[in-house]
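Read-outs throughout are calculated quantities, based only on the coordinates presented, and are distinct from any laboratory measurement. Computed from a predicted model, the values in this text were never measured in an experiment. Don't worry about glycine lacking a Cβ; one is built from the backbone with ideal geometry, like all the others, and counts go over all protein chains shown.
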Amino acid sequence: MRYSETHKSETRARIVKNAATAFRKHGVGGIGVAALMKKAGLTHGGFYAHFDSKDALVAEAIDAAFEQSLKSLADTVELQEPSARRELLMKRYLSEAHRDAPANGCVFAAIGSEAARMKPALRGRFDANFENMIGLLTQGSDGPQQRAAAIGRYTAAIGAIVVARAVRSRALADEILAAARSYAKADDGGKP
């Protein structure tokens, strides 16, 4: 059977999309190549026709997952005034829906602890994508104080999601998110 010229690129994109979801759900170390290929509806043997290694797939999946998260958050605030963006972004990020759906959420909150032990090239993907997120959080404002505030707010939000996912009590998890949303809304002199 002959495949179209775009078949290979479409198949690769499907593998990456499925891997981005699976890595956030199970962790990079929690799922192997065979299971990833099965999720994409393919056999394990075809993996190396698309990627040199699992690390190559991880790198693309990290970028795809960040791109998905960034686009979703950017769409949320697209038509908002700059003054309302921060609160809306934090409300969306620190939501029960985000907490309960790690497979579709922030890569840092899902696999950030694993990233610290990844190869430098893979960790570099986190650096670049962290900068993209800070760019979204500081959009419409300028300066080192605004950047520092955005970094503080985002990293606190990541921690809140991680802890809210880790605790067993649903009531405590809800309390953690509510406290983090309150912290993120706190007046800080107009910083983003």
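The table that follows gives values for the structure above.
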{"quantity": "For HIS26, HIS50, HIS7, order by how many other beta-carbon atoms lie within 10 Å, fewest first", "calculated": "HIS7, HIS26, HIS50"}
{"quantity": "Helix-only CD estimate at 222 nm, as mean residue ellipticity for the chain, using -39500 (n - 2.57) per DSSP H run (n ≥ 4)", "calculated": "-23000 deg cm²/dmol"}
{"quantity": "Residue range of the chain that is longest and free of trypsin sites (Lys or Arg not before Pro) which are both DSSP loop and sparsely packed (at most 11 other C-beta within 10 Å)", "calculated": "3-116"}
{"quantity": "Selection of GluC sites (Glu not before Pro), the range 42-150, meeting DSSP coil and at most 15 other Cβ within 10 Å", "calculated": "GLU78"}
{"quantity": "Karplus-derived 3J(HN,Hα), 6.51/-1.76/1.60, for each residue of the range 131-142, Hz, glycine and proline x", "calculated": "4, 4, 5, 5, x, 5, 5, 9, 4, x, 9, 9"}
{"quantity": "Number of Lys pairs (Cα under 20 Å; 8 or more positions apart or on different chains) in the range 7-185", "calculated": "18"}
{"quantity": "Computed magnitude of the charge dipole of the chain (debye, nearest 20; Cβ of K, R +1, Cβ of D, E -1)", "calculated": "620"}
{"quantity": "Calculated Rg and Dmax of the Cα atoms in Å (choose from [x] 15.4, 46; [y] 18.8, 59; [z] 18.3, 64), label", "calculated": "[z]"}
